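Trainee: Starting off with a structure, shown below.
The numbers here are math on the coordinates, done by the rules we state, and not lab data. What you see is a predicted model, and the numbers here were worked out from it, not measured in a lab. Neighbour counts are summed over all protein chains in view; Cβ atoms, including those assigned to glycine, are modelled from backbone coordinates with ideal geometry.
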Amino acid sequence: MATKVMMEALSPTMEEGRLVKWVKNVGDAVKTGDTIGEVETDKAIMELVARGDGVLRAQLITEGTTAAVGAVIGVIAAADEDIASLTGAAASAPAAEAPPAAPAAAPAAAPVAAPAAAPVAVDAAAPSGPVRSSPLARRMAAEKGVNIGAIHGSGPGGRVIRRDIEGAAAAAPVGTAATPAAAAPAVAPVATASSKAAPTAVATAMQIDGEFKDVALTQMRKTIARRLSESIGPVPTFYLTSEIDMTKVGQLREQMVANGDQYKVSVNDIIIKAVAIALTRHPECNAHWMTDHIRYFSAAHVGMAVATDDGLIVPVIRDAQLKGLGQIGKEARELAKKARERKLQPAEFTGGTFSVSNLGMFGIDQFTAIINPPEAAILAVGATETKPVWENGQFVPRQRMRVTLSCDHRVIDGAVGAKFLQTLRGLLEAPMMMLF
């Protein structure tokens, strides 16, 4: 029985996905659990697996195409099973149906008859409008130099499929099909300075020729835009800023580094630990706005904002209040690496109860961060810098860092947020207190 290949919800917030590529080609045998494609979700690039055994009979969308969650994008079926009803139902999808069975799986008599009967009609007077064709047919046409627009397709609804291209290529005059093949290598082997410069320039990130360059939105960028718009608009946000003396945090780091690389942690790791402890002492800030109620959490699942080439993602360190600095540092490095490689699993970037965004490494002194709904607050961390501080009748150098807490006023009142910051500052100014 045929199995529909659906655009699945591969992340909790995914509404649509973009097919990055088909891993399996039409005609390939697949088993349940085989990876048949790669899909860009709003957070990562995930594998799309087969939900049935058989042959991948149809690819109903092309690579690079976006489809809504639940849309049928392919069909798995037996080699000789009639799937016309499935591909016909999906005819309105932005792609085409593929050829029927894989030749290797068909009975001996069938494949012999098929090519002979295939109506390969190359019509020079064919209409010039859009031609319905399968992705495989289009790719083969390009490779063989066949004008796909001049072919009457033999597939459902007149769709051009593989056998049409094969027939057209075989029937075409030698010079016709050979032209593109000859043209392709004519460019590649010429190793002149100018020909090498072109690919290098194309590979350079964000090179803009002319006045501007339009770039299609990635799934991640779409989600960032939607979710942050949801936050800054309806969420009544207020901000609390505090300057924290990080001198003893710096000394703690130096002591840990002196004991070996296994004890090496970043300032951000220490901040995450301090935030987690502060949240357990102020659960009013460790909460979600649930529209008709507020949900307070006992555990501190701290999200850390990570910038990637495609946008921002917030992997989560769970139960950070229970973990040592070494474990937090190890998890933070692993999650950040996976985030940049777009390999995070949904469980690794969902379920956060509070977020930390640190731009200090970029030299940003202070900023405000946008709350990630339904979380009730986010901490923005600026750079640590040496400042003269008046103490005991004289100026002394101190490591100072400014943090800003963005609060959803529906959940957190001013005094509540201020007390949270007060606790956080106390922990960072005396980091040994995190041991108690």
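Trainee: Going by average Cβ neighbours within 10 Å, how do the peptides 386-395, 224-233 rank, with the highest at the top?
Mentor: Ranking, from highest mean packing down: 224-233, 386-395.
Trainee: Grab the beta carbon distance between Ala225 and Gln251, set R0 = 41 Å, and tell me the FRET efficiency rounded to 0.05.
Mentor: After rounding to 0.05, the efficiency reads 0.45.
Trainee: Something else now. If I stretch the segment between Thr291 and Gln327 completely, what's the gain in nm (0.36 nm per residue apart, minus their alpha carbon distance), one decimal?
Mentor: Full extension from Thr291 to Gln327 adds 9.5 nm.
Trainee: What is the calculated FRET efficiency for Val396 to Ala78, with r their C-beta to C-beta distance and R₀ = 56 Å, to the nearest 0.05?
Mentor: Efficiency, rounded to the nearest 0.05: 0.10.
Trainee: Here's something else I'd like to know. Compute the distribution of all C-alpha to C-alpha distances in segment 1-84, in bins of 5 Å from 0, and list the percent of pairs in each, rounded to whole numbers.
Mentor: Each 5 Å bin holds this share of Cα pairs: 3, 17, 29, 25, 16, 7, 2, 0.
Trainee: Right, next: Quote to one decimal, in nm, the extra length available between Asp319 and Lys21 on full extension: 0.36 nm per residue of separation minus the C-alpha distance between them.
Mentor: Answer, rounded to one decimal: 103.6 nm.
Trainee: Summing Lys, Arg as +1 and Asp, Glu as -1, what charge do residues with Cβ under 13 Å from the Cβ of Arg295 carry, Arg295 excluded?
Mentor: -3
Trainee: Would you please report the Å³ per residue occupied by the convex hull of the alpha carbon atoms in segment 277-397?
Mentor: 150
Trainee: Using DSSP to define loop residues, name the chymotrypsin sites (Phe, Trp or Tyr not before Pro) in segment 238-340 whose beta-carbon has at most 11 other beta-carbon atoms within 10 Å.
Mentor: Listed in order of number, the matching sites amount to none.
Trainee: Separate question: Ranked highest first by average number of other Cβ atoms within 10 Å, how do 247-260, 30-43 line up?
Mentor: Final packing ranking: 30-43, 247-260.
Trainee: A further question follows. Any lysines with Cα under 23 Å of the Lys248 Cα? List them, leaving off those in the same chain fewer than 8 positions away.
Mentor: Leaving aside lysines fewer than 8 places away in the same chain, those within reach of Lys248 are Lys264, Lys273, Lys323, Lys330, Lys387, Lys419.
Trainee: Moving on. Once the piece of chain linking Asn259 and Asp309 is laid out straight, how much longer is it, given 0.36 nm per residue of separation minus the C-alpha distance between them?
Mentor: Between Asn259 and Asp309, full extension yields 14.5 nm more.
Trainee: Sort the following peptides by mean Cβ neighbour count (other Cβ atoms within 10 Å, averaged over residues), highest first: 328-337, 401-410.
Mentor: Result, highest mean first: 401-410, 328-337.
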